[in-house]
Ligand SMILES: Cc1ncc(COP(=O)(O)O)c(C=O)c1O
């Protein structure tokens, strides 16, 4: 049962209860919809991108605690980042949640709370959904994506 | 006043033992029920997805390959005759199980899904035309939606959907209104896998027959729980899967009335389904072999025969009595959780309980229960229109079989409370 506490850290539960940037951006330049058919997680992501930099980012949607918290944390982390930095962070985040890379995690405290996910392989998709949706929004703008 | 309350003895209902039904004895027949998951004894409550298998079924597969294996219907040698006899014995057992008139009406397929696809691509293609209508219900499994949608799209027919009420029951008057001269088929689920609702199939069939419309019943969730009598029901097609009925995966049954099967074109072409082949003309084999092209899942069919024997020995009456108690107890215990909402509260239900919790998404609850060794299903259960109807993205579903116990329901309730505490 310890690993449940490891997964559902207080920070994650807080983000689940009170997600940050949980709204629609009216002046979004890029949007995308992410969907995980396995559990019905759905997220609509809004980005305002100027000069290859994320000026603003927000999301709405419904889903499990992991996907919601992950969306909340991601939007907080990506605000102000360049697109290249965003992609780089996604790679590091994937390393964190799968436990497959021993990347340098200094300065990534907020993302590291998701490390518990690696013990729950079926939940990795939940944590990654927001990030896949972000990538899709950056690259293709509008089409819905799925993690299946 | 307090004293008065204290003196009220709160007792958990004690199960009255059912004569000839010893659940602990029965559990010993299922090796997987003795296993531990994440350090806890397994509580398996995902029976609607697939049931567990008794040792007799598991042994039947191994025995078949160790001592009986040969191809069927084509050899004169000993083993081929033996395998053919075993395979055909199961056909007779299935006939008896659902009380079909003749073994000619029992077609072995891969599962419920294939059975429905068989009907849609043979009977459907032959009899349904542009402008015609097919009636299904709002609570169908995707396997009783998509084959009809595909058919409708390709021929220009229309799919009509019987609405359901807030308890998850078919609105019968609306069904009667949908029936008309254009209706060519009614295809409905006997027992819903996500809501547990047992539909009034007898009345549905009478209603359709009054318009000379045949009825297909998706019986995947019915056969594990209750005696089916296709002659009493007078249903035209009935489909079910072996794996939800304590048998192996990869085997299913399509029952169809003989006169319908006679008129239906073959489903797949190949060996076994023919009597003679020349390049000019092929004569099809007699029923039911006309619909069983190629080498079938012989071991699976033989093992399904064992599953039928096993269920017959326990008896549907005992199963029913035990499961009614389980459903009642689980419904009461789960309803006592304040933030829990039951999805599916029909008057007639199979032991299937879907629910949501105010502040915990089903997927989280599924993980939390899993870590305590409790297997439930979370998601849309291949019934997305049901989720939409109840305006939920997903539910958590506990579905029971005759080998489940009240103690396991207690563990489920405890497990849910653990999740509620974790999230608070
Ligand atoms: C009501 C119902 N119909 C059809 C099916 C499909 O059965 P199968 O996957 O065995 O073909 C299921 C199984 O989930 C079911 O519950």
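Can you go through B:294, B:315 and tell me which one is over 24 Å from the mean Cα position of the chain (by Cα) and either surrounded by fewer than 24 Cβ atoms within 10 Å (Cβ to Cβ) or within 14 Å of chain A (Cβ to nearest Cβ) (or both)? Lay out the reasoning, then the answer.
Working: B:315 fails: over 24 Å from the mean Cα position of the chain (by Cα).
B:294 is the lone residue from the list that is over 24 Å from the mean Cα position of the chain (by Cα) and either surrounded by fewer than 24 Cβ atoms within 10 Å (Cβ to Cβ) or within 14 Å of chain A (Cβ to nearest Cβ) (or both).
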Select from segment A:6-40 the residues that are over 15 Å from residue B:360 (Cα atoms) and facing chain B (nearest Cβ under 10 Å) and write down the one among them that is modelled with the lowest pLDDT. A:38
Please determine, by comparing only the residues of segment B:37-83 that are within 14 Å of chain A (Cβ to nearest Cβ) and more than 16 Å from the ligand (Cβ to nearest atom), which one is nearest to residue B:112 (Cα to Cα). B:37
Can you give me the number of residues within segment B:163-182 that are touching a helix residue (DSSP H, G or I) at 6+ places or on another chain (Cβ under 7 Å) and either within 14 Å of chain A (Cβ to nearest Cβ) or within 15 Å of the ligand (Cβ to nearest atom) (or both)? 1
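State which residue is farthest from residue B:20 (Cα to Cα) when the search covers only segment B:318-328 and only residues that are touching a helix residue (DSSP H, G or I) at 6+ places or on another chain (Cβ under 8 Å) and surrounded by 19 or more Cβ atoms within 10 Å (Cβ to Cβ). Walk me through it before giving the result.
Going through segment B:318-328, the residues touching a helix residue (DSSP H, G or I) at 6+ places or on another chain (Cβ under 8 Å) turn out to be B:319, B:322, B:325-326.
Of the ones still in play, those that are also surrounded by 19 or more Cβ atoms within 10 Å (Cβ to Cβ) are B:319, B:322, B:326.
Details: B:319: 11, B:322: 11, B:326: 17 Å.
Filtering first and then ranking leaves B:326.
If a residue must be without any contact (Cβ under 8 Å) to a residue 12 or more places away in the chain and within 12 Å of chain A (Cβ to nearest Cβ), how many such residues does segment B:338-386 contain? Talk me through it step by step, then tell me what you get.
Restricting attention to segment B:338-386, the residues satisfying the condition of being without any contact (Cβ under 8 Å) to a residue 12 or more places away in the chain are B:338, B:367.
Going one step further and asking which of them are within 12 Å of chain A (Cβ to nearest Cβ), we end up with B:367.
Counting residues in segment B:338-386 that are without any contact (Cβ under 8 Å) to a residue 12 or more places away in the chain and within 12 Å of chain A (Cβ to nearest Cβ) gives 1.
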If you go through B:404, B:359, the only one that is outside the structural domain of residue B:167 (by TED's automatic domain parsing) and over 22 Å from the mean Cα position of the chain (by Cα) is B:359
When you scan segment B:189-216, how many residues do you find that are within 10 Å of the ligand (Cβ to nearest atom) and in a strand (DSSP E or B)? 2
Here is a check on your reading of the model: is residue B:131 assigned by TED's automatic domain parsing to the domain that holds residue B:248, more than 11 Å from the ligand (Cβ to nearest atom) and either modelled with pLDDT under 95 or on the phi > 0 side of the Ramachandran plot (or both)? yes
Can you go through A:97, A:54, A:43 and tell me which one is away from every other protein chain (no Cβ under 14 Å) and within 21 Å of residue B:365 (Cβ to Cβ)? A:97
If residue B:308 satisfies every condition in (1) away from the ligand (no atom under 15 Å from the Cβ); (2) in contact (Cβ under 8 Å) with a residue 12 or more places away in the chain; (3) closer than 25 Å to residue B:147 by Cβ but one, which is the exception? (3)
Taking segment B:240-298 and keeping residues within 13 Å of the ligand (Cβ to nearest atom), assigned to a helix (DSSP H, G or I) and within 20 Å of residue B:229 (Cβ to Cβ) leaves B:242, B:244
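The values are calculated or read from the model by the stated rules, or taken from the named source; none is laboratory data. This is a predicted model, so every value here is computed, not measured. Neighbour counts are summed over all protein chains in view; Cβ atoms, including those assigned to glycine, are modelled from backbone coordinates with ideal geometry.
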